[in-house]
């Protein structure tokens with residue numbers, strides 16, 4: 001009899017709530033529920049499409065047989081456009097630029113090159129669960145800091161400063177934030193970069209939604225506010241240009257070059273060891289960053305309509321409050337319930353078919369309960385989902401289960 005193959009202990013604490021919840025959704029589907037998916041931030045299934053110029057650039061690269069390996073850090077034309085875009089955003093003292101298989105790979109390589117077991121990284125709570133998964137794999141401590149729901153989900157600078165110690169290597173900032181859709185103020189950003197410069201920490205500025213802002217807001221890149229702080233700014237094609245499946249992201253390291261040199265060398269080793277990111281798709285980067293981007297006003301308009309419907313309907317439900325998102329395509333409503341949000345959301349999915357993700361999958365202040373909504377479906381589908389959520393909550397309070405309409 002073959003002995004059981006023991007998995008590595010580092011995988012024990014790896015969770016990804018966005019997809020883990022699909023196990024419950026599959027139970028609901030098998031039970032005959034019509035599912036409304038509001039769990040994964042992929043615009044493509046909901047009718048959004050990339051600009052044709054990006055498709056043409058990638059197809060032409062394939063026709064020219066750019067189908068082998070690319071340079072480890074990225075093709076020259078892409079790197080040139082990335083650096084130029086960073087400089088237009090006010091980022092100076094660029095030390096290193098690289099293209100990865102999505103921003104996720106850049107994040108993972110940068111953390112792996114920086115953090116040893118036993119050291120810690122401060123990550124936002126709520127925040128994107130990739131960071132906690134990577135920290136688990138590295139055997140390092142993920143140390144959450146809280147966003148202030150009463151202050152538009154701004155990072156709590158006092159909480160951050162109190163949690164930095166001698167083993168802290170970096171602070172992660174997600175701006176605009178996933179899952180809350182919040183946008184940091186200039187004052188908050190300045191406080192973060194000043195703290196990193198003072199304590200010799202790296203700021204991971206995850207800005208993947210930087211062009212999807214509502215209400216006339218303008219995005220500020222954190223790295224543009226300090227030449228003394230070590231910052232890696234992470235962006236990519238996936239969200240702003242509607243190609244998440246292409247897996248093309250990039251990182252720009254900026255700050256004092258002498259201090260950053262050893263870390264950059266370590267990161268370059270990891271880039272070489274995995275050969276390269278996807279090759280033909282990199283030819284779309286100059287088209288995206290240097291082009292007119294005529295699709296963005298229409299995309300932001302559609303996302304704003306969905307945000308407005310989400311805030312209107314969810315804020316009217318007894319038992320839910322919501323801080324209006326200012327960017328991206330997420331909302332993070334608060335549940336005023338007595339039970340754990342994981343159990344509540346699992347029951348919601350089984351009873352109504354509305355697939356959302358419990359707030360505990362993203363982190364939240366102890367004693368609070370939330371869920372994340374992806375606001376990409378058409379407005380009529382969102383309205384139907386919110387009606388089902390309202391009916392479920394009403395029936396739950398009355399002590400009976402609700403059947404979907």
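For the structure I just gave you, tell me whether residue 351 is surrounded by fewer than 19 Cβ atoms within 10 Å (Cβ to Cβ) and outside the structural domain of residue 79 (by TED's automatic domain parsing).
no
Would you kindly identify the helices (runs of 4 or more DSSP H) lying entirely within the stretch 295-405 that contain at least 3 residues that are farther than 26 Å from residue 240 by Cβ?
341-352, 379-397
Kindly list the number of the only condition in (1) surrounded by 13 or more Cβ atoms within 10 Å (Cβ to Cβ); (2) part of a loop (DSSP other than H, G, I, E, B) that fails for residue 1.
The one condition residue 1 does not meet is (1).
Please list, ordered by residue number, the helices (runs of 4 or more DSSP H) wholly in the stretch 50-146 having 2 or more residues that are in contact with a strand residue (DSSP E or B) (Cβ under 9 Å, 6 or more places away or on another chain), within 21 Å of residue 201 (Cβ to Cβ) and assigned by TED's automatic domain parsing to the domain that holds residue 195.
Once the helices (runs of 4 or more DSSP H) in the stretch 50-146 are filtered for at least 2 residues that are in contact with a strand residue (DSSP E or B) (Cβ under 9 Å, 6 or more places away or on another chain), within 21 Å of residue 201 (Cβ to Cβ) and assigned by TED's automatic domain parsing to the domain that holds residue 195, what remains is 102-114, 130-138.
So for the stretch 285-300 (the condition being closer than 30 Å to residue 396 by Cβ and not assigned by TED's automatic domain parsing to the domain that holds residue 220), does at least one residue qualify?
There is no residue in the stretch 285-300 that is closer than 30 Å to residue 396 by Cβ and not assigned by TED's automatic domain parsing to the domain that holds residue 220.
Quick one: which residue in 102, 139 is on the phi > 0 side of the Ramachandran plot, touching a residue at least 24 places away in the same chain (Cβ under 8 Å) and over 20 Å from the mean Cα position of the chain (by Cα)?
Selected residue: 139, the only one of 102, 139 that is on the phi > 0 side of the Ramachandran plot, touching a residue at least 24 places away in the same chain (Cβ under 8 Å) and over 20 Å from the mean Cα position of the chain (by Cα).
Do we have residue 211 as part of a loop (DSSP other than H, G, I, E, B) and either in the same structural domain as residue 307 (by TED's automatic domain parsing) or touching a residue at least 12 places away in the same chain (Cβ under 8 Å) (or both) here?
The answer is yes for residue 211.
The values are calculated or read from the model by the stated rules, or taken from the named source; none is laboratory data. Because the structure is predicted, anything quoted here is derived from the model rather than measured. When we count neighbours, we look across all protein chains shown, and the Cβ atoms used for this are built from the backbone with ideal geometry, even at glycine.
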